[in-house]
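A.B. asks: This is the structure, below, for whatever I ask next.
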Amino acid sequence: MNTMHLKLLALTTMILDHVGAIFFPGAPYLRTLGRLAFPIYCFLLIEGYLHTRDVKKYIGRLFLFALLSELPFDLAFFGTFTLYHQNIFFTLALGLLAVSIFDAYKDRLMLLSASALFGALFFAELLRMDYGSLGILYIFSFYLFRLHRQPEKTLYTGGLLTLSTYLYSSTRQLFAVAALLPLFLYNGEKGPNSPLLKYGFYAAYPLHLLLLYLLQIL
């Protein structure tokens, strides 16, 4: 599977998850399938980090779409604007910021690197970001054990994901470990790539949430 295949899989399972959460809360199979999405997005986040030419622009882009997505996110899930819960782009942006600081200073200032991780865990909970501190742990799991057709790293990452999920979240979330199966098939290639596709995947998040909100009204 190339990057495009993984993005499509993550987007599809995420939309199914949100449809289940909003319209079919009593149907657990949609929410269970949705557990695949976030680990795949975390993996792609780290792949992007390792290949980007400008990590500052990458982080800035994530924060920009976090701001653009907040109102559609709130409307879809809460029916009004609220600061109670922040969308997943904030989690991804904060996680990537923490990873970049950790990576830059891990060989010189370990205290600063550790502070970046624990600071991200703290603020993810304080600001009620989607997935909270569990999301930060997922991102760091993929950073520490980058997957690229390496069985031992798949095992290590799966262990970390399972442990962090067990400690922080629900039993259903344990199904997220199944995301390692398509990730193990990743061939390291991008697949079709263009600015339109690139930003289309970013825009799909707020746009599908806005659509789900409008469907609720109808």
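The values are calculated or read from the model by the stated rules, or taken from the named source; none is laboratory data. If you're wondering where the values come from, they're calculated on a predicted model, not measured in any experiment. Neighbour counts are summed over all protein chains in view; Cβ atoms, including those assigned to glycine, are modelled from backbone coordinates with ideal geometry.
A.B. asks: Tell me which residues, restricted to the stretch 123-160, are at positive phi and surrounded by 14 or more Cβ atoms within 10 Å (Cβ to Cβ).
C.D. replies: Residues satisfying the conditions are TYR131, GLY132.
A.B. asks: Given (1) crowded, with 21+ Cβ neighbours inside 10 Å; (2) within 21 Å of LEU147 (Cβ to Cβ); (3) among the hydrophobic types (A, V, I, L, M, F, W, C); (4) modelled with pLDDT of 95 or more, identify the lone condition not met by LEU11.
C.D. replies: Of (1) crowded, with 21+ Cβ neighbours inside 10 Å; (2) within 21 Å of LEU147 (Cβ to Cβ); (3) among the hydrophobic types (A, V, I, L, M, F, W, C); (4) modelled with pLDDT of 95 or more, only one is false for LEU11: (1).
A.B. asks: Residues that are under 20 Å from HIS18 (Cβ atoms) and over 16 Å from the mean Cα position of the chain (by Cα): list the helices (runs of 4 or more DSSP H) wholly contained in the stretch 51-158 that include at least 2 such residues.
C.D. replies: Passing ranges, in order: 55-78.
A.B. asks: So, TYR186, is that one touching a Lys or Arg at 6+ places or on another chain (Cβ under 8 Å) and either at pLDDT below 95 or not in a loop (DSSP other than H, G, I, E, B) (or both) or not?
C.D. replies: So TYR186 fits the description; yes.
A.B. asks: So how many residues does the stretch 25-51 have that are closer than 16 Å to ARG172 by Cα and of a type in the set (A, V, I, L, M, F, W, C)?
C.D. replies: Summing the residues that are closer than 16 Å to ARG172 by Cα and of a type in the set (A, V, I, L, M, F, W, C) in the stretch 25-51 gives 6.
A.B. asks: State which residue is modelled with the highest pLDDT when the search covers only the stretch 105-122 and only residues that are among the hydrophobic types (A, V, I, L, M, F, W, C) and surrounded by fewer than 16 Cβ atoms within 10 Å (Cβ to Cβ).
C.D. replies: Among residues in the stretch 105-122 that are among the hydrophobic types (A, V, I, L, M, F, W, C) and surrounded by fewer than 16 Cβ atoms within 10 Å (Cβ to Cβ), the one modelled with the highest pLDDT is PHE122.
A.B. asks: So which pairs qualify, if the first residue must be in the stretch 173-186 and closer than 20 Å to LEU137 by Cα, the second must be small (Gly, Ala, Ser) and surrounded by 18 or more Cβ atoms within 10 Å (Cβ to Cβ), the Cβ gap must be under 6 Å, and the two must be at least 6 apart or on different chains?
C.D. replies: Partner pairs satisfying both residue conditions: VAL177/GLY158; LEU180/GLY158.
A.B. asks: Are any residues in the stretch 160-202 small (Gly, Ala, Ser) and out of contact with any helix residue (DSSP H, G or I) (no Cβ under 8 Å at 6 or more places or on another chain), and if so, which ones?
C.D. replies: Residues satisfying the conditions are SER170, GLY188, SER194, GLY200.
A.B. asks: Go through (1) within 14 Å of PHE38 (Cα to Cα); (2) surrounded by fewer than 16 Cβ atoms within 10 Å (Cβ to Cβ) one by one and return the number of the condition GLN173 breaks.
C.D. replies: (2)
A.B. asks: Which of the residues belonging to the stretch 189-218 are of a type in the set (Ser, Thr, Tyr) and assigned to a loop (DSSP other than H, G, I, E, B)?
C.D. replies: SER194, the sole residue that qualifies.
A.B. asks: Going by the conditions given, is PHE43 aromatic (Phe, Trp, Tyr) and more than 19 Å from PHE142 (Cβ to Cβ)?
C.D. replies: no
A.B. asks: Can I ask one more? Going through the stretch 105-126 one residue at a time, which ones are farther than 15 Å from LEU144 by Cβ, among the aliphatic types (A, V, I, L, M) and in contact with a helix residue (DSSP H, G or I) (Cβ under 8 Å, 6 or more places away or on another chain)?
C.D. replies: LEU112, ALA124
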